[in-house]
Amino acid sequence: MSVTNRIWTRVTLDGPDYRAKVDPTNRWNGWLSPYFTLDTVRELAKWFDQQAEEYGLDAVDTIHVIDGGTTEDGSPRVVVAKVSWMYIGDEGPEECTEIIEPTSEGLYGIGGWEWCWYEKSWWCVDCDGGTDWHETHCDECGQHRRDCEMPADDKAQQYQAKQAAEQAAKEALEEAARKAVEQAAATAPIRTRVCIDTDVVTAEAVVDPGYRRNGYVHPRFTLDASRKLSADLAALNEQYGAGTFDTVHVLDEGDQAVVMVVGWQHLDPARPERFVEIVARDEDGLYAIGGGGWTWCIETRECPCGAFPEHHETECPKCGAPRPDGKRTHCSKGHHLDTANTYEHKGRRTCRACRRERDRVRRAAKRPATSAA
């Protein structure tokens, strides 16, 4: 890397901009690798501390300037370190802490070949063109940068309107991405409990919440759950009279099983085969029982706030109160909240996989579009 190719400019990460020295030809996926003075590194450290306070250490790397007085010639004696907290649990502190050494010019390379640094632009008040900060004159009309730092009133309004439109477009993109993620999660099969008439029949099942008929879900059961359902329905018929309820029968033969549903209330003894359904095992190894006509609903519980969260919801959608049977085992997107996929911030457990997906969407939405030639 040639030091002679470096120029002074201003760079940013979609936040404050900082004076830095960069080689415009030395890029990583189009992004710059800037070098900063020690004073600027201290400014960076403060900003990243603010970001960590707002978003949590697991989402933000931090910069640390450790002072150790001065050398014999009066130069500052410091250690500059970068810590990648997101990976420290998996890779350990040694792998996630980088000691950054100064160059021969006394500059520190922060985030090069890793972060999405790009040049700050300034906008021409005459032609509204964007130019990299180190370019002192507008490429289109030759206007000098110093004459554009404080736009005239009309141009200022135009500039603000443009900025507002770009911000609105970014927010719309983020909202669309968020809704797409929520829609995908809402239509994914979930493990929950289903019931008929609240508590007459209840069972564990897999349900596609987006697929309903007249408001009723179509549950699928494991073989063990099918056996439990068979026993419960048999007990109900014994209690209320034979034929009161349809029944489920699991016939085992070695490692094979046949699951049948008998509709006793409409059974024609002369043509019984019309009222007996053989339930095949699907590709997930589950059995869809009663989805065509039974009034299956997802079991709910009553929250002190008056809402009725469904069984699989670990938090009340209205007030956020956790399910009383202990800590959540899965996040709202279905990711398992084990030790490796969970971190705590300000007393709240958060899913790492969801955090990574939100960060990916946020970075994609904020990444500046490439200008047309």
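The values are calculated or read from the model by the stated rules, or taken from the named source; none is laboratory data. Computed from a predicted structure; not experimentally measured. So basically every Cβ, Gly included, is an ideal-geometry build from the backbone, and we count neighbours across all protein chains shown. Note: accessible area is taken over every heavy atom of the protein model, side chains too, but ligands, DNA and RNA are not part of it. Shrake-Rupley method; radii C 1.70, N 1.55, O 1.52, S 1.80 Å.
Numbers below:
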| read-out | value |
| --- | --- |
| Filtered residues of the stretch 44-85 (kept if under 35 Å from the mean Cα position of the chain (by Cα), part of a strand (DSSP E or B) and among the hydrophobic types (A, V, I, L, M, F, W, C)) | 63, 65, 66, 79, 80, 81, 83 |
| Residues satisfying the stated conditions in the stretch 52-64, i.e. open to solvent by 30 Å² or more (accessible area, probe 1.4 Å) and more than 24 Å from residue 101 (Cα to Cα) | 53, 54, 55 |
| Residue, modelled with the lowest pLDDT, within the stretch 286-319, restricted to residues that are of a type in the set (Ser, Thr, Tyr) and open to solvent by 40 Å² or more (accessible area, probe 1.4 Å) | 300 |
| Of all residues in the stretch 69-84 being modelled with pLDDT of 90 or more and not hydrophobic (A, V, I, L, M, F, W, C), the one that is surrounded by the fewest Cβ atoms within 10 Å (Cβ to Cβ) | 84 |
| Cβ-Cβ under 9 Å pairs, at least 6 apart or on other chains, the stretch 41-60 side at positive phi, far side surrounded by fewer than 15 Cβ atoms within 10 Å (Cβ to Cβ) | 56/345; 56/346 |
| Top-ranked residue in the stretch 222-251 [being among the polar types (S, T, N, Q) and at pLDDT below 90; ranked as most open to solvent (accessible area, probe 1.4 Å)] | 239 |
| The stretch 175-199 - residue that is closer than 13 Å to residue 299 by Cα and open to solvent by 60 Å² or more (accessible area, probe 1.4 Å) and, of those, modelled with the lowest pLDDT | 198 |
| Test: residue in the stretch 324-339 that is in contact with a helix residue (DSSP H, G or I) (Cβ under 7 Å, 6 or more places away or on another chain), at pLDDT 75 or above, assigned to a loop (DSSP other than H, G, I, E, B) and open to solvent by less than 90 Å² (accessible area, probe 1.4 Å) | yes |
| Residues satisfying the stated conditions in the stretch 208-264, i.e. over 17 Å from residue 285 (Cα atoms) and in a loop (DSSP other than H, G, I, E, B) | 209, 210, 211, 214, 215, 241, 242, 243, 244, 245, 246, 263 |
| Residues located in the stretch 85-124, provided they are open to solvent by 60 Å² or more (accessible area, probe 1.4 Å) and in contact with a Leu (Cβ under 7 Å, 6 or more places away or on another chain) | 85 |
| Contacts under 7 angstrom Cβ, first residue in the stretch 200-214 being more than 12 Å from residue 294 (Cβ to Cβ) and modelled with pLDDT of 85 or more, partner open to solvent by 40 Å² or more (accessible area, probe 1.4 Å) and part of a strand (DSSP E or B), 6 or more apart | 202/193; 204/193; 206/191; 206/220 |
| Hey, residue 14 in contact with a helix residue (DSSP H, G or I) (Cβ under 6 Å, 6 or more places away or on another chain) and surrounded by fewer than 15 Cβ atoms within 10 Å (Cβ to Cβ) or not | yes |
| Which numbered condition residue 274 misses (of (1) exposed (fewer than 15 other Cβ atoms within 10 Å of the Cβ); (2) touching a residue at least 24 places away in the same chain (Cβ under 8 Å); (3) not in a loop (DSSP other than H, G, I, E, B)) | (2) |
